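The structure appears below as structure tokens.
Values in this text are rule-based calculations from the coordinates and carry no lab data. Model, not experiment: these values are computed from the prediction. Positions of Cβ are generated from backbone atoms using ideal geometry, with glycine treated the same way; all protein chains shown enter the neighbour counts.
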Amino acid sequence: MSLLADRLAAVKDRITSRLLELERDPSEVTLVVVTKNHPVDLAHELYTLGCRDFGENRDQEAAPKASQLATMLHGEPSPTWHFVGQLQSNKAKRVAEYADVVHSVDRSSLLEALIKATEERSKALDVFLQVNLTEDENRGGVHPLELEKFTEAVLSANGLRLLGVMAVASLDGEEERDFELVQKLSQRVQTFDPTAKFISAGMSADFELALAYGATHLRIGTAITGNRTA
Ligand SMILES: *Cc1c(COP(=O)(O)O)cnc(C)c1O
């Protein structure tokens with residue numbers, strides 16, 4: 001087995017045993033392997049290992065990778081591409097061409113751009129609302145106090161389907177407090193739409209903790225892919 005296969009298996013084992021401890025159903029959890037900064041060959045190898053959900057955070061890198069992988073797959077079904085990074089409104093149209101899920105919807109200008117971009121799509125674009133758990137406005141995400149208003153705006157948008165909330169925990173040792181807040185905010189969003197019940201949270205360093213607070217979409221990079229090459 002390759003190193004990549006070993007690391008993937010190890011992460012999957014950790015997810016499975018954590019879910020068992022928490023008495024959670026494994027079918028509610030999606031592992032999104034973040035392939036950013038790695039070449040398309042790595043995504044292809046992960047595909048052959050059974051991965052079907054990939055995460056990217058920059059359009060310049062994601063767009064060619066998605067199309068190259070589609071070519072390499074010779075007609076096999078494409079994986080689901082998750083856009084997990086801060087997204088500029090002027091990139092929304094391009095991202096909507098290959099991404100199936102955008103995890104980082106966090107402001108009205110981006111929302112407008114995505115609505116416009118989805119006019120040409122045959123199926124709805126799945127989105128998460130990213131919430132900012134810090135006081136640092138540069139980190140992206142809506143302020144928790146703005147969440148309800150923004151939820152209503154997304155729910156009234158044609159062409160988008162709201163999956164739930166997304167957050168990046170702060171790296172200050174307070175991840176537990178952060179995930180607890182995300183879970184609370186998720187419940188608030190679900191009062192507007194009970195189907196928007198998913199939580200995108202948990203990365204290499206904190207996914208086991210995130211699972212205890214209801215994370216359904218883990219975005220895991222380095223623990224699987226190793227150190228970034230670019
Ligand atoms: C890079 C990235 C990840 C994965 O981070 P790792 O620590 O490598 O697991 C998850 N979410 C977002 C938004 C990222 O940009």
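Could you point to the residue in 63, 84, 164 farthest towards the positive end of the chain's charge dipole, with +1 and -1 charges on the Cβ of Lys/Arg and Asp/Glu respectively?
63
Neighbour counts of other C-beta atoms within 10 Å: give me 72, 166, 203 arranged from fewest to most.
Going from sparsest to densest Cβ surroundings: 72, 203, 166.
Along the Cα→Cβ direction, 7 angstrom out, place labels at residue 180 and residue 134. What is the inter-label distance in nm?
Modelled inter-label distance: 2.1 nm.
Please report the spacing between the Cα centers of the stretch 134-156 and the stretch 5-35 in Å, no decimals.
29 Å
Dipole of the stretch 22-107, Cα-centred, from +1 at each Lys and Arg C-beta and -1 at each Asp and Glu C-beta, to the nearest 20 debye?
420 debye
What is the Cα radius of gyration of the stretch 108-213 over 2.2 N^0.38 Å, N being its residue count?
Against the empirical 2.2 N^0.38 Å value, I get 1.09 for the stretch 108-213.
Between the stretch 47-111 and the stretch 189-223, what is the separation of their alpha carbon centroids in Å?
Centre-to-centre (Cα) distance: 19 Å.
Does the stretch 82-148 classify as rounded, prolate or oblate by the C-alpha gyration tensor (a ≥ b ≥ c root eigenvalues; a/c under 1.5 gives rounded; else a/b over b/c gives prolate, otherwise oblate)?
Prolate shape, in that a/c is at least 1.5 and a/b is the bigger ratio.
Pick out, from 8, 51, 129, the residue whose Cα sits farthest towards the positive end of the charge dipole of the chain, with +1 on the Cβ of Lys and Arg and -1 on the Cβ of Asp and Glu.
Highest projection toward the positive end goes to 51.
Treating the beta-carbon of each Lys and Arg as +1 and of each Asp and Glu as -1, no other charges, what is the dipole magnitude of the chain about its Cα centre, to the nearest 20 debye?
With only Lys, Arg, Asp and Glu charged at Cβ, the dipole is about 560 debye.
Can you tell me, using C-alpha contacts under 8 Å and at least 6 residues apart, the relative contact order of the stretch 3-225 as a whole percent?
20 percent
Excluding residue 48 itself, what net charge comes from residues whose Cβ is under 14 Å from its Cβ, given Lys and Arg +1 and Asp and Glu -1?
That works out to -2.
Starting from a Cα-only point model with no solvent, please compute log10 I(q)/I(0) by Debye for the chain at q = 0.10, 0.12, 0.18 1/Å.
-0.43, -0.63, -1.44
Per DSSP H run of n ≥ 4, the term is -39500 (n - 2.57); total these for the chain, divide by its residue number, and report the mean residue ellipticity at 222 nm rounded to 500 deg cm²/dmol.
-12500 deg cm²/dmol
Kindly put 184, 93, 36 in sequence by how many other C-beta atoms sit within 10 Å of each C-beta, fewest to most.
Going from least to most buried by this count: 184, 93, 36.
Going by amide H atoms built from the backbone, whose H comes under 5 Å of the H on residue 102, apart from near neighbours?
83, 126, 127, 128
Residues with amide H under 5 Å of residue 217's amide H, sequence separation 5 or more or different chain, H placed in the peptide plane at 1.01 Å from N; which?
So residue 217 has HN proximity to 30, 199, 200, 201.
Order by neighbour count: 78, 156, fewest other Cβ atoms within 10 Å first, most last.
Sorted ascending by nearby Cβ count, the order is 156, 78.
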